[in-house]
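Participant: Quick one: the structure is below, questions incoming.
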Amino acid sequence: MIQDFYASSIRDAFAYQPTPQQETAIQKLGQFLASHQENPVFLLKGYAGTGKTSLVAALVQSLIDMETPFVLMAPTGRAAKVLAMYAGFDAATIHRTIYRQSSPEPGAKFELGFNKMRNTVFVVDEASMLSTNGDSQFGSGCVLNDMLKYVFGGAPGCKLLLLGDEAQLPPVMQNESLALSATWLQGCGATVVEHTLTSVVRQEAGSGILQNATHIRQVLQTPQQLKLTPYPDVCRVDGSNFVSCLEDSYQKVGMEETLIITRSNKKAFLYAGGIRGRILFREEQLENSDWLMVVKNNYYFGADYGIELLANGDMAKVVRLHGSHELYGMQFVRATLRFVDYGADIEVLLLQDSLLCETPQQLQALQQKLFESVQEDYADVRNKRERYKKIRQDEHYNALLVRMAYAVTCHKSQGGQWKHVYIDMGPLEKADIDVNFMRWLYTAVTRATQKVFLIQFKDEFF
């Protein structure tokens, strides 16, 4: 039977002897690839260390061997980079795949594209991040609904494979990840097959990171006390050794592979200031080699480099500062940034004042001030539509908004992986430990591939 042929191909490409759960997944994937049902969706859920990535790598290799067309996607550039790394094939962001800009002018709306690919398997990693609350600049404003419409609204025979981890944080301002809900997907007209991997595979069993991640997930699922266990790859740090540990990480794995995860933007802001002053000895507000994170989607500066969107959460290194000037009572800097997830050096205009914003409210106030200032320059354009068109094309209005990226919130880190991850839980007491915190901690711990550092966690949590 054709489904056995598909299953056999995946099994042959699998790097290990499949566990019973993985074998069941392989059989179901074979059936899924051979099926001719309407709007077919395979929901493959798996906790950290259960071998989900190995399965996907085997699936991709089998699709290549069978000359079956496929597309790899993820919600963010960092997540797409991780997917491409373990799948061994190029991956792109969902936005870049399914949306097309309605016109070449800066600030133009992105419309949902038309899927011309026939009999294609669309693979989406980190599906738990997909939200039904989106950016109105893109399609309907709901990327999850738009993705389903794109995959199934075009050429016939397309299939969708969604990969995710139910224990991770749901999208911002949502209580659950609807992309991992078979019931919700069925309500959208999909025919859903699902499978969940829960057993940590043997080759991962010795990892202290995964041992602790598994314990956190168990606490999340069944009432019990949180009791973390130190390992060689899970270390406790405090005020006396934090700086030396961080310096050691920068030296061993580099800044690109070292990240601090906090529970608030304000705490991330404070960490960035301390790191730049005490460890990097940087005195200017912005210098060459600084690490930055984009904090608002920007459609203006990437277009000439084949990148339609510099997305909120993208990270970049300052390659060179070309000069600064003041306008509207604000400081602007022209710089070349290296976007690590796109492998591109892009010249941009930065609004340097955004580096001073500790909270989203301050950033929003700065954006409003910028808009009102630029608008005054076009007050002589009486036609409102033409005036807003000129504002949207104004380089200063489109200045890139950034913050330092040495420390970020957990939502900003989601979908990415770093070799060394430092986790600051903040001043929480045992009474504050709830489901939301456990999801936060599980997501933070599973961002690390080599080592986790727990910052000032109290003895009672061990």
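Participant: If I filter region 339-355 for residues that are under 29 Å from residue 242 (Cα atoms), open to solvent by less than 70 Å² (accessible area, probe 1.4 Å) and part of a loop (DSSP other than H, G, I, E, B), do I get at least one hit?
Facilitator: Yes, some residue in region 339-355 is under 29 Å from residue 242 (Cα atoms), open to solvent by less than 70 Å² (accessible area, probe 1.4 Å) and part of a loop (DSSP other than H, G, I, E, B).
Participant: While we're here: Could you list, in sequence order, the residues of region 41-62 that are surrounded by fewer than 22 Cβ atoms within 10 Å (Cβ to Cβ) and over 17 Å from residue 197 (Cβ atoms)?
Facilitator: Listed by number, the list holds a single entry, 61.
Participant: Within region 330-344, track down each residue that is modelled with pLDDT of 95 or more and either of a type in the set (Asp, Glu) or over 22 Å from the mean Cα position of the chain (by Cα) (or both).
Facilitator: Selection gives 330, 331, 332, 333, 334, 335, 336.
Participant: Here is a follow-up. Sort through 387, 439, 403, 447 and tell me the only one that's charged (D, E, K, R) and touching a Gly at 6+ places or on another chain (Cβ under 7 Å).
Facilitator: 447
Okay, residues lined up against (1) open to solvent by less than 50 Å² (accessible area, probe 1.4 Å); (2) more than 30 Å from residue 392 (Cα to Cα); (3) in contact with a strand residue (DSSP E or B) (Cβ under 9 Å, 6 or more places away or on another chain):
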| position | (1), (2), (3) |
| --- | --- |
| 233 | yes, yes, yes |
| 242 | yes, yes, yes |
| 246 | yes, yes, yes |
| 259 | yes, yes, yes |
| 281 | no, yes, no |
| 290 | yes, no, yes |
| 293 | yes, no, yes |
| 299 | yes, no, yes |
| 306 | yes, no, yes |
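Participant: Given the conditions (1) of a type outside the set (Val, Ile, Thr); (2) in contact (Cβ under 8 Å) with a residue 40 or more places away in the chain; (3) out of contact with any Phe, Trp or Tyr (no Cβ under 6 Å at 6 or more places or on another chain), which single one is not true for residue 138?
Facilitator: Unmet for residue 138, out of (1) of a type outside the set (Val, Ile, Thr); (2) in contact (Cβ under 8 Å) with a residue 40 or more places away in the chain; (3) out of contact with any Phe, Trp or Tyr (no Cβ under 6 Å at 6 or more places or on another chain): (3).
Participant: Among the numbered conditions (1) closer than 30 Å to residue 357 by Cβ; (2) at pLDDT below 95; (3) under 23 Å from the mean Cα position of the chain (by Cα), tell me where residue 249 comes up short.
Facilitator: (2)
Okay, residues lined up against (1) closer than 18 Å to residue 409 by Cβ; (2) at pLDDT 95 or above; (3) assigned to a helix (DSSP H, G or I):
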residue: 422; (1), (2), (3): yes, yes, no
residue: 428; (1), (2), (3): yes, no, no
residue: 431; (1), (2), (3): no, no, yes
residue: 437; (1), (2), (3): yes, no, yes
residue: 444; (1), (2), (3): yes, yes, yes
residue: 449; (1), (2), (3): no, no, no
residue: 454; (1), (2), (3): yes, yes, no
residue: 460; (1), (2), (3): no, no, yes
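Participant: Scan region 147-164 and report the pairs whose first residue is within 11 Å of residue 179 (Cα to Cα) and whose second residue is buried (at least 21 other Cβ atoms within 10 Å of the Cβ) and of a type in the set (D, E, K, R), with Cβ atoms within less than 6 Å and a gap of 6+ or a chain change.
Facilitator: So the pair list comes out as 163/125; 164/45.
Participant: Ok, one more. Out of everything in region 344-397 that is touching a residue at least 60 places away in the same chain (Cβ under 8 Å) and basic (Lys, Arg), what residue ends up being farthest from residue 265 (Cα to Cα)?
Facilitator: Going through the qualifying residues, I end up with 389.
Participant: Within region 369-406, track down each residue that is modelled with pLDDT of 90 or more, surrounded by fewer than 15 Cβ atoms within 10 Å (Cβ to Cβ) and not in a loop (DSSP other than H, G, I, E, B).
Facilitator: 369, 371, 372, 376
Participant: A further question follows. Restrict the check to region 16-24 and report whether at least one residue is assigned to a helix (DSSP H, G or I) and either among the aliphatic types (A, V, I, L, M) or closer than 12 Å to residue 163 by Cβ (or both).
Facilitator: Checking region 16-24: not a single residue is assigned to a helix (DSSP H, G or I) and either among the aliphatic types (A, V, I, L, M) or closer than 12 Å to residue 163 by Cβ (or both).
Participant: Here is a further query. Among the helices (runs of 4 or more DSSP H) lying completely within region 94-187, list those that include at least 3 residues that are surrounded by fewer than 22 Cβ atoms within 10 Å (Cβ to Cβ) and modelled with pLDDT of 90 or more.
Facilitator: 143-152, 182-187
Participant: Now for a different question. Restricting attention to region 62-93, report how many residues are assigned to a loop (DSSP other than H, G, I, E, B) and either in contact (Cβ under 8 Å) with a residue 40 or more places away in the chain or among the aromatic types (Phe, Trp, Tyr) (or both).
Facilitator: Looking only at that region, the number is 6.
Participant: Can I ask one more? Pick out the one residue from 236, 282 that is of a type in the set (D, E, K, R) and assigned to a strand (DSSP E or B).
Facilitator: Testing whether each residue is of a type in the set (D, E, K, R) and assigned to a strand (DSSP E or B) leaves just 236.
Participant: Kindly indicate whether residue 263 is in contact with a Ser or Thr (Cβ under 8 Å, 6 or more places away or on another chain) and of a type outside the set (Ser, Thr, Tyr).
Facilitator: Criteria met by residue 263.
Participant: When you check residue 421 against the structure, is it among the aliphatic types (A, V, I, L, M), open to solvent by 30 Å² or more (accessible area, probe 1.4 Å) and over 24 Å from residue 285 (Cβ atoms), yes or no?
Facilitator: Judged against the criteria, residue 421 is not a match.
The values are calculated or read from the model by the stated rules, or taken from the named source; none is laboratory data. Computed from a prediction, not measured in an experiment: that's the story for all the values here. Cβ atoms come from the backbone with ideal geometry, glycine included; neighbour counts cover every protein chain shown. We work out accessible area using only protein heavy atoms, side chains counted, and drop any ligands, DNA or RNA first. Shrake-Rupley method; radii C 1.70, N 1.55, O 1.52, S 1.80 Å.
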